[in-house]
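K.L.:
Quick one: the structure is below, and I'll ask about it shortly.
The values are calculated or read from the model by the stated rules, or taken from the named source; none is laboratory data. For clarity, every value in this text was computed on a predicted model and none was experimentally measured. Backbone-built Cβ (ideal geometry, glycine too); neighbour counts: all protein chains shown.
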Amino acid sequence: MTRVVVVNGSPNADKGNTARLLKPFIEGMREAGAEVRLLYPKRMNIKPCGGTLSCWDKHPGSCGYRDDMQSAYPLLRQAEILVLATPVYIPLPGEMQNFLNRLCPLIDPVREKRRGRTRARFRSNVGIERIALVSTGGWYEKGNFDTVLKVAEEFAETTSVEFAGALLRPHAHVLRPGDPKGDAVLKAANEAGRALVLTGKIPKSLADAVGKPLVSEEEA
Ligand SMILES: Cc1cc2nc3c(=O)[nH]c(=O)nc-3n(C[C@H](O)[C@H](O)[C@H](O)COP(=O)(O)O)c2cc1C
């Protein structure tokens, strides 16, 4: 069975646009047989990384902070797929960045050159093979996701795993309950969740269906 950890870094946790897009996506992954764990950093006690790098040097793989990341680390080590879910906050909410920084103990700082850049990789006891992104933004254009997409792609590159694709939903308020304009988006998100588990990728056609304009720029 494929194990998935979804991290929803929205300060609105399960009440926000990101959660609305994630719901059918997670259902799709479960329908395809995955075991999905959903984490909300907003509801966890997570100290900011202290920057000592002791998880790389003195105590490889281990973080000295005894907070809620200690229960997240085993889940993350056992997962095959990591889904980063976040609203665009020029570029990320603090909760999401904080969580990403605290993933350092899972990373082996091998400092190897790949395609002209110094990179690391996940430690050998971390099962994550691919990373996907689910993101919502309030503004009209898809270009508002450029930085968030780059962050997720860079994270996958630096941990040496495959980037499996992204669902990017602009003017995400159209997903509010009762607005039928969002129905096709939610359906495509469901299919994308299934496809990610069954094929390891989010197909471009489904990413396009999730990201397409649903109102005119004046209406957005
Ligand atoms: C501090 C802050 C910064 C934001 N910056 C952007 C932005 O740069 N581009 C954008 O499209 N939306 C921006 N938004 C809007 C959110 O990304 C959007 O409303 C998102 O769907 C919220 O998701 P949530 O309800 O899950 O928190 C911003 C919102 C906040 C609160």
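K.L.:
What is the residue count in segment 94-124 for residues that are among the aliphatic types (A, V, I, L, M) and farther than 23 Å from Val83 by Cβ?
P.N.:
Of the residues in segment 94-124, 1 are among the aliphatic types (A, V, I, L, M) and farther than 23 Å from Val83 by Cβ.
K.L.:
Kindly list, by first and then second residue, each pair from a residue in segment 71-99 that is basic (Lys, Arg) to a residue that is more than 8 Å from the ligand (Cβ to nearest atom) and assigned to a loop (DSSP other than H, G, I, E, B), limited to pairs with Cβ atoms under 9 Å and residues at least 6 apart or on different chains.
P.N.:
Here the result reads Arg77/Arg123; Arg77/Asn125; Arg77/Val126; Arg77/Gly127; Arg77/Ile128, each pair linking segment 71-99 to a residue that is more than 8 Å from the ligand (Cβ to nearest atom) and assigned to a loop (DSSP other than H, G, I, E, B).
K.L.:
Quick one: count up the residues across segment 128-139 that are surrounded by fewer than 18 Cβ atoms within 10 Å (Cβ to Cβ) and either near the ligand (Cβ under 8 Å from one of its atoms) or part of a helix (DSSP H, G or I) (or both).
P.N.:
Total meeting the criteria: 2.
K.L.:
Got a sec? Which helices (runs of 4 or more DSSP H) wholly within segment 1-120 have at least 1 residues that are farther than 20 Å from Ile202 by Cβ?
P.N.:
69-78, 94-101
K.L.:
Mind checking which residues of segment 156-173 are surrounded by 19 or more Cβ atoms within 10 Å (Cβ to Cβ) and within 16 Å of the ligand (Cβ to nearest atom)?
P.N.:
Within segment 156-173, Ala166, Leu167, Leu168, Arg169, Pro170, His171, Ala172 qualify.
K.L.:
Follow-up question, since we're still on this one. Consider Lys181 carefully, then state whether it is touching a helix residue (DSSP H, G or I) at 6+ places or on another chain (Cβ under 8 Å), closer than 21 Å to Asn12 by Cβ and surrounded by fewer than 19 Cβ atoms within 10 Å (Cβ to Cβ).
P.N.:
yes
K.L.:
Same structure again: Those residues that are in a helix (DSSP H, G or I) and either modelled with pLDDT of 95 or more or among the polar types (S, T, N, Q) (or both), I need them from segment 155-182; list them, please.
P.N.:
Matches in segment 155-182: Phe155, Ala156, Glu157, Thr158, Thr159, Ala172.
K.L.:
Filtering segment 21-41 down to residues that are touching a strand residue (DSSP E or B) at 6+ places or on another chain (Cβ under 8 Å) and within 16 Å of the ligand (Cβ to nearest atom), which residue is farthest from Ala72 (Cα to Cα)?
P.N.:
Among residues in segment 21-41 that are touching a strand residue (DSSP E or B) at 6+ places or on another chain (Cβ under 8 Å) and within 16 Å of the ligand (Cβ to nearest atom), the one farthest from Ala72 (Cα to Cα) is Leu21.
K.L.:
State whether one or more residues within segment 146-154 are part of a loop (DSSP other than H, G, I, E, B) and surrounded by 16 or more Cβ atoms within 10 Å (Cβ to Cβ).
P.N.:
Within segment 146-154, not a single residue is part of a loop (DSSP other than H, G, I, E, B) and surrounded by 16 or more Cβ atoms within 10 Å (Cβ to Cβ).
K.L.:
I'm told Arg102 meets every condition in (1) closer than 23 Å to Leu196 by Cβ; (2) surrounded by 22 or more Cβ atoms within 10 Å (Cβ to Cβ) except one. Can you identify the failing condition by its number?
P.N.:
(1)
K.L.:
For segment 140-155: of the residues being of a type outside the set (Phe, Trp, Tyr), closer than 26 Å to Arg176 by Cα and touching a residue at least 60 places away in the same chain (Cβ under 8 Å), which is farthest from the ligand (Cβ to nearest atom)?
P.N.:
Checked segment 140-155; the qualifying residue farthest from the ligand (Cβ to nearest atom) is Ala152.
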